[in-house]
Amino acid sequence: MPGIDPNKLVIRVMKQEDLERIIEIDEQYTGNRREDYYKRKLEEVLNPAHRVVVSLVAEYDGEVVGFIMGSLFSGEFGIPVGVASLTTIGVDKKFAGRGIGKELFDQFVTNAKAAGIEKIYTRIEWNDIDLLKFLSRAGFTPSTQINLELKV
């Protein structure tokens, strides 16, 4: 990893105490403080009924510098078992480009595979070029599914 000491990087299970740093990192990219969204997401991913942990944070020298969140599906919306969704990923801009997102994603995939997941889906804005490049390098390809939208 360029520019960081790999011995100081720890990928670990997300905890409730990580909420504020997750919100701060997300705000660096969105310009919005999405506190309600992340409170709901954390409540979902930290639910003890979820036996497999796929939501993680990256700590560097004791500070949360990145996160990844996802869900495993068990038949919802007709989605077959063995499918996961990557819902959000973020790395503190001070640490961007240093391999932390890749480390988070690789561990996410390892955990998903251990749970019997065979496919991971995600959605992104069509003009988020940096994220599209990251996901392409990670092996994502366009899906055969169509995302539909209805304005109300």
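Every number in this text was worked out from the coordinates using simple rules, so none of it is lab data. Predicted, not measured: the structure shown is a model, and the values here were computed from it. Positions of Cβ are backbone-derived with ideal geometry, glycine not excepted, and every protein chain shown enters the neighbour counts.
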>> Nearest 500 deg cm²/dmol is fine: what mean residue ellipticity at 222 nm does the chain get from its DSSP H runs of n ≥ 4 alone, each adding -39,500 (n - 2.57), divided by its residue count?
In response: -9500 deg cm²/dmol
> When I23, I4 are ordered from fewest to most other Cβ atoms inside 10 Å of their Cβ, what list results?
Replying inline: I4, I23
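Pairs of alpha-carbon atoms within less than 8 angstrom and 6+ residues apart define the contacts here; what relative contact order does the chain have, in percent?
Value for the chain: 22 percent.
If neighbour count is taken as other Cβ atoms inside 10 Å, put D128, D5, D18 in order from fewest to most.
Values: D128 12, D5 9, D18 21.
In increasing order of surrounding Cβ atoms, one gets D5, D128, D18.
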>> How far apart, in nanometres, would the label points at I146 and Q28 be if each is projected 7 angstrom from Cα along the Cα-to-Cβ direction?
In response: 3.9
>> How far apart, in nanometres, would the label points at K133 and T110 be if each is projected 7 angstrom from Cα along the Cα-to-Cβ direction?
In response: 2.7
> How far is helix 19-30 tilted off the main Cα axis of the chain, in degrees rounded to 10, range 0 to 90?
Replying inline: 80
